[in-house]
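Let me begin by presenting the structure, written as structure tokens, before commenting on it.
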Amino acid sequence: MPVLVMKFGGTSVANLDRIRRAAKRVGVEVAKGYDVIVIVSAMSGKTNELVGWVEETSPLFDAREYDAVVSSGENVTAGLMALTLQEMDVPARSWQGWQVPLKTTSAHSAARIVEIPTENLTQKFGEGMRVAVVAGFQGISPEGRITTLGRGGSDTTAVAFAAAFGAERCDIYTDVDGVYTTDPRICEKARKLDRIAFEEMLELASLGAKVLQTRSVELAMRYGVKLRVLSSFEEQSDQAGTLVCAEEDIMESNVVNGVAYSRDEAKMTLLSVADRPGIAATIFSALSEAGVNVDMIVQNISEEGRTDMTFSCPTNEVPRADAALDKIRQDGQLNYAQLVADTDVAKVSVVGIGMRSQSGVAAKMFKVLSDEGINIRVITTSEIKISVLIDRKYMELAVQALHDAFGLDKAA
Ligand code: ASP
Ligand code: MG
């Protein structure tokens, strides 16, 4: 029988009533003839609570015990979902990660999936089980300990199962009805996309659109898993949501398909560093070792052998960046006059695969911002994305103006 993967996020299993509603949707797919693998998150808020308990108990916690505690939220919803399905006369069984077993690396709290053997579940499906409810977000290390995949990891569990079982599709049920051209909370003209390419979704996810964990999109792209994002709150079960798929499966597309923003971005400038080979390597190795996620990098024009180096990183990583750079200064590895942190900035990006074949997108973006009197502080580009750092107070305005200018409220 064809296999379908259905993933329910925290808000979709937030209480027994929601679990019943989710189970009904599963029942509909079973009736169509699918064997279904259901991946569940913990009830919304549960994982945060568990993380809080761990941190309160032990500020410098042992990551193995963090995983033991934090993975437990999913065990509860998996069992409850299986029971709910059984009450509806759907043959269902719950599986924790280790029972499958979903094998991971031993990088506790950020483990990567190594392998999902299909034998155990396949055998049960053969014996008449119609739904395997699998606890998302968790697996087992080579040492035999429970691991977790990082926050939001159930999406990645779902895609990995879809790949391993050759599922027809991987449906991600969440509290929004799809992927939007931008955040509807700050732009009322935001439009739900029927389809979006993997690459675009990847950019949007890594830019902070919280619908899908970035790794799940990477995995889906690598294995060609068709991903559908849809709401578990809408009444009709045949709503289309947004299909995340290969470029070839999208007929017509706007040049720009999404405008993303990130509020918590800081602009860091190292004043007066020596302009010679090895300096950038020294700076960014130190930052990477300190776990600072550097995004944009600009090296300014040098004068008399010295230059300024600007980079951006999440605001909450500023102290870590500061400490890491100060340390290499004290060690004598790097000499600079000052590190200036500007936390009053925001990043706004436009994303679209159409940029590969169409020129002038950057020029248009800069013109739109200048017409609004918005000064651009840093620019970076990739094949399908242009990002700028601007003053945070203009962020909403920039998003709305760009959304209008690129005609995102209308389909291609
Ligand atoms: N419950 C985990 C979290 O909140 C995993 C997930 O829901 O995807 O991060
Ligand atoms: Mg999530």
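Here, each number is a calculation from the coordinates, and none is a lab measurement. Not measured: the values here are computed from a predicted model. Neighbour counts are summed over all protein chains in view; Cβ atoms, including those assigned to glycine, are modelled from backbone coordinates with ideal geometry.
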Q) Using a simple charge model, +1 on the beta-carbon of Lys and Arg, -1 on the beta-carbon of Asp and Glu, nothing else, what dipole does the range 181-339 show about its Cα centre, in debye to the nearest 20? A) 280 debye
(Q) Suppose each label sits 7 Å from its Cα in the direction of the beta carbon; what would the Ala323-Leu60 distance come out to in nanometres? (A) 1.1 nm
Q. What ³J(HN,Hα) values, in whole Hz, does the Karplus curve 6.51 cos²θ - 1.76 cosθ + 1.60 give for the range 182-192 when θ = phi - 60°, with x put for Gly and Pro?
A. 7, 6, x, 6, 10, 9, 5, 8, 3, 10, 6
Q. In whole percent, what relative contact order does the chain give with Cα contacts below 8 Å and a gap of six or more residues?
A. 14 percent
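Express the relative contact order of the range 149-299 as a whole percentage, based on alpha carbon pairs under 8 Å and six or more residues apart in sequence. Before the final figure, lay out each step's value.
Numbers: 193 pairs, mean separation 40.7, N = 151.
Taking the mean separation of contacting Cα pairs over the length of the range 149-299, I get 27 percent.
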Q | Residue-wise HN-Hα coupling along the range 52-63, computed from phi with Karplus coefficients 6.51, -1.76, 1.60 (Hz; x: Gly, Pro) | A | x, 4, 4, 5, 5, 6, 8, x, 9, 4, 6, 4
(Q) Apply the Karplus curve 6.51 cos²θ - 1.76 cosθ + 1.60, θ = phi - 60°, to the phi angles in the range 307-316 and return the couplings in whole Hz, x for Gly and Pro. (A) 9, 9, 10, 10, 9, 10, 7, x, 3, 6
Q | the range 1-68-the range 362-412 distance, computed between alpha-carbon centres (Å) | A | 37 Å
Q) What percent antiparallel are the DSSP beta bridges of the chain, to the nearest 5? A) 60 percent
Q) Compactness ratio of the range 336-410: Cα Rg over 2.2 N^0.38 Å, N = residue count? A) 1.19
**Q.** Compactness relative to 2.2 N^0.38 Å, alpha carbon Rg of the range 281-412
**A.** 1.24
Q: With only Lys, Arg, Asp and Glu charged, each at its Cβ (+1 for the first two, -1 for the last two), find how big the charge dipole of the chain is about the Cα centre; round to the nearest 20 debye.
A: 460 debye
Q: For the chain, state the semi-axes of the equivalent ellipsoid (square roots of 5 times the eigenvalues of the alpha-carbon gyration tensor), sorted largest first and rounded to whole angstrom.
A: 41, 28, 17
Q.
Once you compute Rg and the Kirkwood Rh from C-alpha atoms, what is the Rg to Rh ratio for the range 186-258?
A. 0.95
